[in-house]
Amino acid sequence: MSQKETNQKKNAYSNRFYYPQDEAIEKPFNWKQMTRLLEYIKPYSKTLLPAAFGAVLVNMIVRLLVPILIGQFVIDRAIINQDYQLLVYLIIFVVALYFINYLANHFRIKTVNVLGQRTIHDLRRQLFTHVQYLSHDFFDKRSAGSILVRILNDVNSLQELFTNGIINILMDAFMLIAIIVILFSLSPQLALAVLVILPLMFYISTKLRRNIRRTWQNVRLIRSRLNSHLNESLQGMRITQSFAQENENAAYFEGVNQENYERERIAMKKSAYFGPIIEMSNAIGTVILIAYGSVLIINQSMEIGTFVTFAFFLGMFWEPISRLGQIYNQLLVAMASSERIFEFLDERPTVKEAETPVILDDMKGQITFDKVKFSYDDERIALHEISIEVKAGQTIALVGHTGSGKSTIANLISRFYDPTDGSVIIDGHNLRDLSLESLREHISVVLQDTFIPDYSQSHHKPLRNCIKSIKNNQSIFH
């Protein structure tokens with residue numbers, strides 16, 4: 001099937017599917033949000049975090065010492081003066097430093113991985129727990145697939161940031177500052193010459209930031225729609241096959257999948273701009289180093305060992321800049337994901353408990369609807385001044401056409417929603433005054449579509465208690 005045919009089919013059947021659309025969150029990059037994200041590392045600020053910083057410090061010291069030893073001591077002192085004993089000592093010392101650096105790196109990688117995994121674990125647990133306690137209107141506005149994307153994909157997108165990004169940002173930032181100080185201490189004029197390209201590089205990279213961040217947000221949005229369609233398609237596979245809608249369903253999926261591919265490709269393409277910018281800057285700096293450094297050596301304004309040390313540090317200078325560019329891409333992805341995660345975490349239940357809720361020890365089952373009005377979307381009214389009284393022990397049936405409000409009445413009794421106006425009273429208590437947990441412990445709801453989790457045999461006790469409660473319940477709505 002050609003791309004044109006795929007798009008035609010996708011457009012032809014796009015009206016069949018409706019998924020509430022997430023919106024791109026237009027906020028400038030700010031450190032307040034990053035600080036909020038870093039709060040999840042705080043529980044490990046006295047254990048894993050100091051250990052990781054200690055390993056980073058050792059790694060930095062070793063990497064800064066080796067070029068100085070090679071240029072200032074091995075070349076300028078041991079080789080030029082033909083001091084073989086000093087040369088042997090220096091070689092042994094450099095080997096020892098590299099071994100220490102290996103141990104520090106091994107410990108750092110192990111520590112930051114544990115730190116990252118524990119942080120992701122805590123964040124996902126908090127997000128899932130928070131979502132469970134949100135009101136039903138939250139789930140009415142969002143598909144299950146889009147919620148899954150936030151809990152799984154968006155949280156996973158933060159894994160690289162917590163595992164390597166944060167530690168590497170600090171390590172590379174300190175390394176960059178140290179290298180700049182050393183370069184200017186070795187030769188201020190040569191340092192100014194090779195770093196003249198930096199302002200242009202930072203200007204170009206700054207121009208790319210907003211564009212790249214918006215692109216990654218768009219990737220998150222299309223992934224949400226893709227997961228929503230997948231989730232709904234798999235759950236409704238029997239319906240799809242019953243009405244022979246496989247081709248139409250597949251055509252829509254192909255269209256969304258193609259759009260996801262295009263957005264991913266564009267995002268990766270824009271993110272890849274950083275690498276060539278760094279490489280070009282490195283190349284220009286190297287040419288300046290060779291040309292101007294040679295002049296300084298010929299004019300005896302710089303020793304060969306100092307030139308070699310400078311060359312070492314210049315090569316090291318571009319490494320943290322390149323990594324910071326890559327980390328910044330990770331940061332943009334993480335910010336796009338964290339904005340979506342915090343949007344969920346900032347959601348508050350619309351059905352709230354009273355400050356001092358009444359706890360029901362027992363329920364007789366007398367239910368009263370007193371001029372209840374209700375609307376799901378503040379536009380279409382589902383119930384209009386409904387008044388019902390059900391006596392304890394009475395069995396009634398609500399009969400009406402689809403959309404007449406039968407399920408809405410049942411939802412209001414369980415207080416999945418609050419009435420827009422009026423009140424629902426059980427055993428003389430307004431539902432707004434009751435503890436939600438104690439209320440729902442005394443109510444059994446049997447839905448048209450049953451959902452029974454895959455519990456083990458030992459965990460079926462709550463289900464058996466629910467069935468027993470249904471049998472003993474005095475007021476039942478059919």
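The values are calculated or read from the model by the stated rules, or taken from the named source; none is laboratory data. Just so you know, these numbers come straight off a predicted model, no measurement behind them. Every residue, glycine among them, receives a Cβ derived from its backbone with ideal geometry; neighbour counts consider all protein chains shown.
Apart from one condition, Ile61 fits all of (1) outside any loop (DSSP other than H, G, I, E, B); (2) crowded, with 16+ Cβ neighbours inside 10 Å; the exception is (2).
Of the listed requirements (1) surrounded by fewer than 19 Cβ atoms within 10 Å (Cβ to Cβ); (2) among the small types (Gly, Ala, Ser); (3) part of a helix (DSSP H, G or I), Ser301 misses just one: (3).
To keep it simple, each residue is scored yes or no on (1) of a type outside the set (Gly, Ala, Ser); (2) at pLDDT 90 or above.
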| site | (1), (2) |
| --- | --- |
| Tyr89 | yes, yes |
| Asn101 | yes, yes |
| Ala104 | no, yes |
| Phe107 | yes, yes |
| Thr111 | yes, yes |
| Gln126 | yes, yes |
| Ser135 | no, no |
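Among the residues of region 183-203, just one is buried (at least 19 other Cβ atoms within 10 Å of the Cβ) and either in contact with a strand residue (DSSP E or B) (Cβ under 8 Å, 6 or more places away or on another chain) or among the β-branched types (Val, Ile, Thr) (or both), namely Val194. Residue count for region 91-139 under the criterion of being among the β-branched types (Val, Ile, Thr), within 27 Å of Phe162 (Cα to Cα) and without any contact (Cβ under 8 Å) to a residue 12 or more places away in the chain: the result is 2. The number of residues in region 250-276 being touching a residue at least 40 places away in the same chain (Cβ under 8 Å) and assigned to a helix (DSSP H, G or I) comes to 15.
Quick grid of which residues meet (1) in a strand (DSSP E or B); (2) loosely packed, with under 14 Cβ neighbours inside 10 Å:
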residue: Thr350; (1), (2): no, yes
residue: Glu355; (1), (2): no, yes
residue: Leu360; (1), (2): no, no
residue: Gly365; (1), (2): no, no
residue: Lys373; (1), (2): yes, no
residue: Ala382; (1), (2): yes, no
residue: Glu385; (1), (2): yes, yes
residue: Gly393; (1), (2): no, yes
residue: Gly400; (1), (2): no, yes
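If you go through region 28-40 one residue at a time, do you hit one that is at pLDDT below 90, more than 27 Å from Asn113 (Cα to Cα) and under 34 Å from the mean Cα position of the chain (by Cα)? Checked region 28-40: at least one residue is at pLDDT below 90, more than 27 Å from Asn113 (Cα to Cα) and under 34 Å from the mean Cα position of the chain (by Cα). Annotation note: of Ser242, Ser224, the sole residue that is farther than 30 Å from Tyr328 by Cβ and modelled with pLDDT under 80 is Ser242. Listed by first and then second residue, the pairs linking a residue in region 215-233 that is aliphatic (A, V, I, L, M) to a residue that is in a helix (DSSP H, G or I) and buried (at least 20 other Cβ atoms within 10 Å of the Cβ), with Cβ atoms under 8 Å apart and 6 or more places separating them unless they lie on different chains, are Val219/Ala267; Val219/Ala336; Ile222/Val256; Leu226/Gly145; Leu226/Val256; Leu230/Gly145.
Kindly establish whether Asp137 is touching a Pro at 6+ places or on another chain (Cβ under 8 Å), in the same structural domain as Asn164 (by TED's automatic domain parsing), within 30 Å of Arg348 (Cβ to Cβ) and in a helix (DSSP H, G or I). Judged against the criteria, Asp137 is not a match. Is it the case, given these coordinates, that Ile452 is modelled with pLDDT of 85 or more, touching a Leu at 6+ places or on another chain (Cβ under 9 Å) and of a type in the set (Val, Ile, Thr)? It is false that Ile452 is modelled with pLDDT of 85 or more, touching a Leu at 6+ places or on another chain (Cβ under 9 Å) and of a type in the set (Val, Ile, Thr).
For region 329-343, state whether one or more residues are surrounded by 17 or more Cβ atoms within 10 Å (Cβ to Cβ), touching a helix residue (DSSP H, G or I) at 6+ places or on another chain (Cβ under 6 Å), in contact (Cβ under 8 Å) with a residue 40 or more places away in the chain and outside the structural domain of Leu127 (by TED's automatic domain parsing). No, every residue in region 329-343 fails to be surrounded by 17 or more Cβ atoms within 10 Å (Cβ to Cβ), touching a helix residue (DSSP H, G or I) at 6+ places or on another chain (Cβ under 6 Å), in contact (Cβ under 8 Å) with a residue 40 or more places away in the chain and outside the structural domain of Leu127 (by TED's automatic domain parsing).
In summary, Arg323 fulfils each of the numbered conditions (1) under 18 Å from Val194 (Cα atoms); (2) not in a loop (DSSP other than H, G, I, E, B) with the single exception of condition (1). Between a residue in region 151-176 that is within 24 Å of Arg223 (Cβ to Cβ) and at pLDDT 80 or above and any residue that is surrounded by fewer than 17 Cβ atoms within 10 Å (Cβ to Cβ) and among the aromatic types (Phe, Trp, Tyr), which pairs come within a Cβ distance under 9 Å, given they are 6 or more apart or on different chains? Every condition considered, the pairs that remain are Ile151/Phe128.
Residues are listed down the side, and each one gets a yes or a no for (1) among the polar types (S, T, N, Q); (2) crowded, with 18+ Cβ neighbours inside 10 Å; (3) within 30 Å of Ser414 (Cβ to Cβ):
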site	(1), (2), (3)
Arg77	no, no, no
Gln85	yes, no, no
Ile100	no, no, no
Asn113	yes, no, no
Asp137	no, no, yes
Leu152	no, no, yes
